[in-house]
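Taken together, the values in this text are just the output of simple stated rules run on the coordinates, not laboratory data. As the structure is a computational prediction, the values presented were derived from the model and not from experiment. Using ideal geometry, Cβ is built from the backbone for each residue, glycine included, and neighbour counts are taken over all protein chains shown.
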Amino acid sequence: MTKIIHIILIFFTYSFLYSQDTILMDEVIIKEDLSKKPKIKKIKFGNNKTSHIYDPIYSKNKPVYYSINVPMGSLMEMALHFISTSDSIAEGFRENNKVYKTVYELTIYEGNNEYTLGKKVNDMPILLVFEESSKSQITKKIDLSNFNTKSNLFFISLKRTTLSLCPLCMYYVPDTYKPGTAMAYYLDDKAKNKELTSYKFNSGLKLEVKVLTRDY
């Protein structure tokens, strides 16, 4: 009888401690230091000296989602880098110096976690239009100061709406690099809650962002 009571006491003690730990973990909240004045902080992703050109994902109409981790704050500006390539660039072909008109739809999301999209920053896609050109590299700056954002994780969705006229025709694609961790995703059509799945030829998006933050 004494042994039974002792076991029961151990069980309830363990359960109480475990539940207390769980509650404490749930109550951990990262707070901003409100004593600091918000400042603009510029964050750069990717090395401009190297490019990860092989990106067959852009020959499809399926959007790609790139994750970026930044200090907690509001996105103010974004600069995206694009380079010219074709669907057959991996084979070393290049038709000529002409790069055809290319159009992308840009949508930004706050991230709930590493694999789940949160609130849309822009309800309507931002059109990125590249007219026919002979330039091999172009940078697009996007003003985001009018959007209400507050997060330390964002997903940048880029969907190419221009169809390829031929496998050798040159178009503009986002300049990317090979990061150490997963940063490029597809939306899993079969999953619920806007869950993302990693793209097997993973790449990171080369860009600079300006964030209004108290984290400095």
Q. Under 16 Å from the 7 Å Cα→Cβ point of L34, by amide nitrogen: which residues of the range 113-149?
A. none
Q. Of K36/K140; K41/K135; K119/K206; K141/K178; K39/K141; K42/K178, which ones are farther than 25 Å apart at the Cα?
A. K36/K140; K41/K135
**Q.** Dipole of the range 102-216 [Lys/Arg +1, Asp/Glu -1 at C-beta], most positive-end residue of F130, S203, N146
**A.** S203
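When the chain is fully extended, how far beyond the present Cα-Cα distance does L127 get from T197, taking 0.36 nm per residue of separation? Write out the running numbers ahead of the final one.
Values: separation 70, 0.36 × 70 = 25.20 nm, distance 2.49 nm.
That works out to 22.7 nm of additional length.
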